[in-house]
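Participant: Just passing along the structure, written as structure tokens.
Every read-out reported here was derived from the displayed coordinates using simple, explicitly stated rules and does not represent laboratory data. If you're wondering where the values come from, they're calculated on a predicted model, not measured in any experiment. So basically every Cβ, Gly included, is an ideal-geometry build from the backbone, and we count neighbours across all protein chains shown.
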Amino acid sequence: MKKIAKVTLTTLFVLAVWSASSYAGMVSGTVKFDGAAPEAAVISMDADPTCAGAHSESVLSEEVVVGDAGALQNVFVYVKEGLEGQTFDTPSTPVTLDQKGCQYKPHVFGVQVGQPVDIINSDPTLHNVHGLPKNSKEFNLGMPIPGMRVKRKFDSAEVMVKFKCDVHPWMNAYVGVVSHPFFSTTGSDGSFEIKDLPAGSYVLEAWHEKYGTQTMNVTVDDAAPQSASFTFTG
Amino acid sequence: MPGKSPSLYDLKKTTVWFAISSLVLLISLVAMVLEDSTREWKHWQKEFVTYSREKAEGELQKARKAVDQKKLAALEAQLVEAHMSANEQKSKVRELEKETAALAIKITQTTMRYQNEKQFQDSDRYFLEEHRLHHEDEQAAEFAKRMEERAPVIDSLKRDLEGLQAEDDARKESINEITQKARELTRQIQQLTESITRLESTVKKLSPNVATAILNAPMLDFMKPTLQIQQIVLENLYDDYFFKKSNKVDRCTTCHLGIDQTGFEDAPKPFQTHPRLELFLSANSPHPAETFGCTTCHGGSGQSVSFTTAAHTPQSDEQAAEWKKDYGWREMTHAISKMLPLSYTEASCTKCHGGVVDVPQAPKLAEGRRLARTYGCAGCHKIEGFEKQWKVGPSLEHVQSKLEPDWIIRWLMNPKEFRASTKMPRIFHLENTSDVKSAEKSDASIAGIAAYLMKNSDPIALGSLPTKGNPEAGEALVKEVGCLGCHTAAGVDANNFGPELTGLGSKVTPEWLYAWLKDPKHYSSETRMPNMRLSNEEAAHITAYLLEDRNEKFESIRLPIVKSEVVDGLAMMFLKGRLRYDDAQAKLNAMSAQERLEFIGEKTIVHQGCFGCHTIHGFEDTKPIGTELTDEGSKDVHKLDFGLIHLDHTRQAWFYQKLKEPRIFDRGKEKVYHEKLRMPDFGFNDDQAERLTTFLLSLQKEDIPLEMSKQLDLREQEIERGRYLVAKFNCQGCHTLDGQEGKVRKVFDDAGNAPPLLTGEGKKVDGGWLYDFLEKPVTIRPWLSYRMPTFEFDEESLTHIVRYFENLSEVPISYKDDTPKPTAENIEAGKKLFKAFQCIKCHKSNPEPGLSASFLAPDLVMTKSRLRPDWVVEWLMDPQALQEGTMMPTFFYDGQSPMPEILGGDALRQSEAIRDYLWLFNAEEAHGAAQPQVPQAG
Amino acid sequence: MGEAIKAAIDAFASPVSIFVGSILVFAVFMTFPKQCTTRWVSAVFAVLFLAFFAFGLTDEHFRGIVTKPDNVPIVAMLFIFGYFTWFAMKKAVDNDERIAKGEPPWEKTEADEKVMVFPYLIYIEFVVALFCSIGLVLWSIFLKAPLEEPANPTISPNPSKAPWYFLGLQEMLVYFDPWIAGVLLPTFIILGLCALPYIDRDTKTSGFYSYAARKMPIMFFMFGFWILWILLIIVGTFLRGPNWNFFGPFEVWDVHKVVPLVNINLSEIIFIKWLSQGLPSNWFLREAPGILIVLFYFAVPPVLMAKTVCKKIYEKVGPERYGVFIILMLMMLALPIKMFLRWGFNLKYIVAIPEFFFNI
């Protein structure tokens, strides 16, 4: 009997600790779009036959992507205020930006200051990656060889930096460069998750390429995950 | 005892008076000394000391807080320990010091003996040589012996001395060893508190104390006062005192104490730091204070040390009242040396910076000059340096083929009625000619001018339009073919260099406009409007569009009724100037009514000086009618006619008023019609008048010695010649060039559709090619709708423009033939790289119409004739460095090539290979490259 | 009210009125010295003068001119000369009374009583010297030297005035040819002053103030000094403005003021106006009337006056000295005579010989 009690207590104790840590400092939520989703424009890729040939059906613009139940994709959510004075280690794992089918994948993503961005050209045609940051130096890299990779780093935080391709003007991507690892981009279900946030109060900002930004105050403690939701209206 | 006489003075009373007068004299003498020693500038210097001290005290507080107290405390504790340990060896130290003292005495004695012996030796040498010379061998031998005997003594003394010194050094060494730790720690502490110590001593120096009080006391301040007049004596700059030039001595820094130091930006005036220290006053600026002083730029009386007599000029009436209250300021009537108000300081720049189109770093002056060029001041007023200025108004040599007399009349009555943005000023019906009689005379004169111009101009053959023209197409063309590079039209106002294209339907005929658009120089050989190479249909469309816009209000202006007796009166007035009354009357009677009208028109043109802005037949050599403005900035204020208007008696007030309301100085005066002021009203707003006043104030007579003025070297001269042409033809209306953005670029959403950027053009394109291009433009970027116009430059201008670009990019004159001489390897490699980088994707020779500009790039077939080979290599290596924001991507990221197997992956060699290949690239190759490729796997 | 008074004064002020008015005041003072130097009259006169000054100082323009450091000594001069003239006349009148009674004059009475130089002279002189020093020190503190800007040769100051001691002569330039006013008259003034002691050698009234026995000499001298020297200096300093136009004491000096002056020569009056002929081409004929008048003026009145008005003088000093005296006096009187001729008849020159640059 004593042994079982011990085991039970230990298990309970471990569970409690584990649950506390797994929920410690997490903010999650969904971003929704209110109203009728605008119809996405069709992109004409006739100018470059290689691009047109890569798609069997028509390609839609990724400017506003609304999924089921109004889920708004490609919204960049990050901690805007509350982390002043803290420094974070720069991760060495790169974030990949792929040019495939004459489109940037992912369309919206986040990266930390100093974290490498791995840019790949998976298409058999010439692309160029033209980054237009305001806080860093502008760059324009040609990638003529299919499969070639180029690494790029950002030295200053900026939300958001636009990437475009000069050969194919419909191609663009947006990257949010922040100095901390607390950011997330909504997927097709419109959900985002920011983990391991130390306890405290913060200002969260959600950015969409067409509908602008929204902010929200959240207070995070180690007890339970916070939820935050944003709604954009067209 | 003398008896009492009424005229005898009472001694007691006299003594009283003596006492009183002595006291009063003492007081008055003290008052005199104080009055003499109380100087305005001393007050300011004391204030500055106080301010600096307070500032230092603030910094001291901050420094004290910034010091790491813990570290300091630790060091000090260690120091105490070190002292204690040193103290334990105190007796040893004392002994060593005693020995050192004794050694010092010995050293001194030895040194003295040594030097004495050396002296004797030298003296003996002299005598020895003298005796030898005179062949006195006996004496010589004696001296030689003495020298020989003395030599070893000297040597031994020297050795002794060295020995003693070595001992001394050893002892000192020992002492040092003992105290070394303490000293080291003290040094560290000092380092830590260095700024505090420094600031403390600064504060102490600036604090009042007895010594400075005595040194600055009245009667005692001749010795070494701390409050002193500061002056800069300028060697090469002079004050002109009429037939005598004396070196400028600027004492401004006596009160303006912080002006050349950083750190006083927030200080109260007069201690405030001068703005833009890197440009003015600091030792490594182009205008260091020791070389240029203050009054060269600001004017004023540099030798004065009082606020009022230095002739500070207030910026406004409010400031004048403030100064009167605070400083007892009054205006100095010195016309020569009054300071320029701060808002007009840039007027002094041209004293040294002559011979340039725009003085650098002087935007107000540059704008003033630009206005003077645009509105054609030099057309009526002779200004040295502006003689070659082009005529700013259109030529009237063939005006009868363009305009109707009625239009001319309505136009002359008030040009702004037709078009508010016109630059033509109003000449008639202004303030001083607004009474009924003058108005009648003006109307008659206007009618006369119209009649005369009709008669005096030669007709021009105008063709007829081939088709009717579609206004909508015309509007699109106006927006797209490049008219907006000079004109405001179709609702877009990027430029106002040429006239605004509104109301043309009320002004010109379709035939005239069509002929003008097809070839402007056919109508006016001197026009600056270029030929846009419009096709017949295009010209017809544009004509149709522009003539749609009518100004009904203008058309409905009632033409004034001209009475014949007024015409006769005017004609008589002109005739009586030369002839006696009877002869004049006879001549008048001999003229028909029309002739009379034309006569007064001609005379009015002479009177009003229309030929100053417009080329008019028969008036090519007539002298302009206005006052010469060459030295206007130095003109005596007494020579300016202020009339009966109450104005500040200064040049700038007069100029400003004259520019805003030229006829105002006739107010209240009794004058006959033709004696009234003639300057037309340009309708300048306050800003424009201020800038033009700056320009007028800059026209000064003062001649600065050559070594002090800015001499343009050859390169700068050629750039200025180019800038002149750029200003004349408004290149910057379309193109970004020479530090200014092309004005029309903001109209474009897609920057790729805008006229190309010309920054760095000189080292980019071949000079010969540029010459040909400017003479006869060809299409380089076929997707652009804007056309580079044909300006029909003459040879001299073309050369100047090419040299201008080359000099801007600092391209040296080189006779080397730099055509690439490629090897077969390079050509092969270049071809491979060309294919791999898929250059042809954007650099299409025959692009499909309708593709957006960001797809497209110039045809590479032109490379060998157009571009410079070195530039092509530079470009390929890093396009963003040469033209930021270009669509051309970098293939050699970080100096690495994506094709490491070609030419060893060396980015430079690969770029050269591509360049070499391009020099062989022709239409055939281009066609071959454009075929769909099978891409290689990388 | 004040403005009305000022306007009235300005309207009244003109060279004629000031000159004539001053002569009247002078005549009254010289004819009735006893009455004029009584306490009451003197006080009234002084109060009126001071009142005028005080009133004037309220006006900005008047104040500006009078307190100009250049002009302060002239104002002081006016007060000082006025006081000393009054003092001398008072003393003279007193002495005349005493002499009439048979008593010796004041100076003699005082001279009989002797006192020690120190302290009765030195001490007093010392105290006075102290007061002088105080005056100078305070002057130096409050009245600054009027340094003007560096002279610009292309701009002449307007008005361009001579130093104060020559302003009388500059005023004369209005009425006389420069040769006369600038050379002849000053020479005569200087020669005349030098000659005075040799003309009037009467020692009877030397050493004390007296008037009754020396009326003529004193009157002539005072006339020359006050009316023809001091008064003209006053006019030149305070009442002559730009372009040498006359301005009232409260009139602002306007440089644009234009006053028409049409003056004609005597020869033109005679030949053109009266005889309606043209001017003779020969200068001698043309100026003959004027020359005759001038010669007449210097030839006839001396003789006449010797027999009548100046009989006593003639007898006292003899013909030579009388001759010098009368010429000097006639020269002196020529000034006011010419001035009246100018004001009355717009006469420019009595003798006008531009060929030799000689005009009278």
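Participant: Could you pull out every residue, at least 5 positions away or on a different chain, whose amide H is within less than 5 Å of the one on residue A:97? Hs are placed 1.01 Å off N in the peptide plane, and Pro or chain starts have none.
Facilitator: For residue A:97, the qualifying residues are A:118, A:119, A:120.
Participant: Which value in Å is the Kirkwood Rh of chain C over different Cα pairs?
Facilitator: When all Cα pairs of chain C are included, the Kirkwood radius is 24.1 Å.
Participant: Another question, then. When a/c is below 1.5 the answer is rounded, else prolate if a/b is larger than b/c, else oblate, so apply that to chain B with a ≥ b ≥ c taken from the square roots of the Cα gyration tensor eigenvalues.
Facilitator: Judged from the Cα gyration tensor, chain B comes out oblate (a/c at least 1.5, b/c at or above a/b).
Participant: Another question, then. What is the distance in Å between the Cα centroid of segment B:708-743 and that of segment A:169-214?
Facilitator: What the calculation gives is 49 Å, centre to centre.
Participant: Another question, if that's okay. Cα to Cα, under 18 Å, and not fewer than 8 places away if on the same chain: which aspartates and glutamates meet these conditions relative to residue B:98?
Facilitator: The qualifying aspartates and glutamates are B:88, B:167, B:168, B:169, B:173, B:177.
Participant: Let me ask another. State the percent of C-alpha pairs, over all pairs in segment B:118-166, separated by a distance greater than 16 angstrom.
Facilitator: Result: 45 percent of Cα pairs exceed 16 Å.
Participant: So how far, in whole Å, is the C-alpha centre of segment C:322-360 from the one of segment B:107-160?
Facilitator: Centre-to-centre (Cα) distance: 103 Å.
Participant: HN-Hα J couplings of segment B:299-309 from phi, Karplus 6.51/-1.76/1.60, θ = phi - 60°, integer Hz, Gly and Pro as x?
Facilitator: Here the 3J(HN,Hα) series is x, x, 9, x, 6, 6, 10, 10, 4, 6, 6 Hz.
Participant: From the cross-link list B:244/B:660; A:153/B:71; B:402/B:743; B:521/B:623; B:244/B:728, which pairs have alpha carbons spaced over 32 Å apart?
Facilitator: Listed pairs above 32 Å: B:244/B:660; A:153/B:71; B:244/B:728.
Participant: Taking Cα atoms, how many degrees apart are the long axis of helix B:714-729 and the longest axis of chain B, rounded to 10 and kept between 0 and 90?
Facilitator: 30 degrees
Participant: Rounded to whole Å and ordered largest first, report the semi-axes of the equivalent ellipsoid of segment B:587-660 derived from its Cα gyration tensor (root of 5λ).
Facilitator: 36, 16, 10
Participant: How are the Cα pair distances of segment C:1-116 distributed, in percent, across 10 Å bins from 0?
Facilitator: Whole-percent P(r) values from 0 Å outward: 11, 30, 31, 16, 9, 3.
Participant: Now a separate question. Read phi for every residue in segment C:220-235 and hand back ³J(HN,Hα) as whole Hz from Karplus 6.51 cos²θ - 1.76 cosθ + 1.60, θ = phi - 60°, with x for Gly and Pro.
Facilitator: The phi angles translate into 4, 5, 4, 4, x, 6, 7, 7, 8, 10, 5, 4, 5, 5, 4, 4 Hz.
Participant: Next question, about the same structure. Assuming 1.002 mPa s and 20 °C, estimate D for segment B:169-299 with Stokes-Einstein, Rh taken as the Kirkwood radius over Cα pairs, in µm²/s.
Facilitator: 111 µm²/s
Participant: Excluding residues on the same chain fewer than 8 positions from residue A:80, give the lysines whose Cα lies under 16 Å from its Cα.
Facilitator: Straight-line reach from residue A:80, under 16 Å: A:195.
Participant: Treating cross-link reach as a plain straight distance, find the lysines whose alpha-carbon is under 23 Å from the alpha-carbon of residue B:224, omitting any fewer than eight places away in the same chain.
Facilitator: Partners found: B:42, B:46, B:204, B:205.
Participant: Out of residues 5 or more away from residue B:281 or on other chains, whose amide H comes under 5 Å of its own, with H placed 1.01 Å from N in the peptide plane?
Facilitator: Amide H to amide H, under 5 Å and 5 or more residues apart or across chains, residue B:281 pairs with B:287, B:289.
Participant: Here's something else I'd like to know. Once you keep just the Cα pairs under 8 angstrom separated by 6 or more residues, what percentage relative contact order results for chain B?
Facilitator: 9 percent
Participant: Using only the alpha-carbon atoms of segment B:320-367, report the extent along each of the three principal axes, biggest first, to the nearest angstrom.
Facilitator: 42, 21, 12
Participant: Over all alpha-carbon pairs of segment B:464-551, lay out the pair-distance distribution in 5 Å bins, whole %, shortest bin first.
Facilitator: 3, 15, 26, 31, 20, 5, 0
Participant: Relative contact order of chain C: what whole-number percent is it, with Cα pairs under 8 angstrom and at least 6 residues apart?
Facilitator: So the answer I get is 24 percent.
Participant: Just the Cα atoms of segment B:1-128: what Rg and Dmax do they give in Å?
Facilitator: For segment B:1-128, the Cα radius of gyration and maximum Cα-Cα distance read 37.6, 100 Å.
Participant: A further question on this structure: Compute the Cα gyration tensor for segment B:714-808, then decide on rounded, prolate or oblate, letting a ≥ b ≥ c be the square roots of its eigenvalues: rounded whenever a/c is under 1.5, prolate when a/b is larger than b/c in the other cases, and oblate in all that remain.
Facilitator: Verdict is prolate for segment B:714-808.
Participant: Also: Ratio of the protein assembly as shown's C-alpha Rg to 2.2 N^0.38 Å, to two decimals?
Facilitator: 1.42
Participant: By how many degrees, between 0 and 90 and to the nearest 10, does the Cα long axis of helix A:2-23 differ from the longest principal axis of chain A?
Facilitator: 40 degrees
Participant: Next question, about the same structure. For segment B:186-195, just list the computed ³J(HN,Hα) in residue order, Karplus coefficients 6.51, -1.76 and 1.60, θ = phi - 60°, integers in Hz, with x standing in for Gly and Pro.
Facilitator: 3J(HN,Hα) across segment B:186-195, in whole Hz: 4, 4, 5, 4, 4, 4, 5, 9, 4, 5.
Participant: Then there is this: State log₁₀ I(q)/I(0) for segment B:261-335 at q = 0.12, 0.14, 0.25 Å⁻¹ as given by the Debye formula over alpha-carbon point scatterers of equal weight, solvent excluded.
Facilitator: -0.42, -0.57, -1.20
Participant: Can you give me the Kirkwood hydrodynamic radius for segment B:226-371, using every pair of distinct Cα atoms, in Å to one decimal?
Facilitator: 16.4 Å
Participant: Taking each pair of distinct Cα atoms in segment C:81-153 once, what is the resulting Kirkwood hydrodynamic radius in Å?
Facilitator: 16.8 Å is the Kirkwood radius here.
Participant: Show that you can apply the helix-only estimate: for chain A, add -39,500 (n - 2.57) for every DSSP H stretch of four or more residues, divide by all residues, and state [θ] at 222 nm to the nearest 500.
Facilitator: After summing the helix terms and dividing by residue count, I get -3500 deg cm²/dmol.
Participant: Can you give me the angle between helix B:686-697 and the longest principal axis of chain B, using Cα atoms only, in degrees from 0 to 90, rounded to the nearest 10?
Facilitator: Around 60 degrees separate the two axes.
Participant: Using modelled amide H (1.01 Å from N, peptide plane; none on Pro or chain starts), what sits under 5 Å from the amide H of residue A:127, excluding residues fewer than 5 places away?
Facilitator: A:143
Participant: Percentage of Cα-Cα pair distances in chain A greater than 21 Å, rounded to whole percent?
Facilitator: Across chain A, Cα pairs with separations above 21 Å total 63 percent.
Participant: Shape of segment C:320-360 from its Cα gyration tensor (a ≥ b ≥ c, root eigenvalues): rounded if a/c is under 1.5, otherwise prolate when a/b > b/c, or oblate?
Facilitator: oblate
Participant: Next question, about the same structure. Based on the alpha-carbon set only, what is the convex hull volume of segment B:69-192 divided per residue, in Å³?
Facilitator: In segment B:69-192, the Cα hull volume divided by residue count equals 102 Å³.
Participant: Using Cβ-Cβ distances only, list the Cys residues of chain A with no partner cysteine under 4.7 Å, sorted by number.
Facilitator: A:165 - these cysteines have no disulfide-compatible partner (Cβ-Cβ under 4.7 Å) in chain A.
Participant: Further, regarding this structure: Taking a quarter of the surface of the Cα convex hull of segment B:824-930, what do you get in nm²?
Facilitator: Projected over every direction and averaged, the Cα hull of segment B:824-930 covers 6.7 nm².
Participant: What relative contact order, as a whole-number percentage, does segment B:439-553 give when Cα pairs under 8 Å and 6 or more residues apart are counted?
Facilitator: Over segment B:439-553, the number comes to 35 percent.
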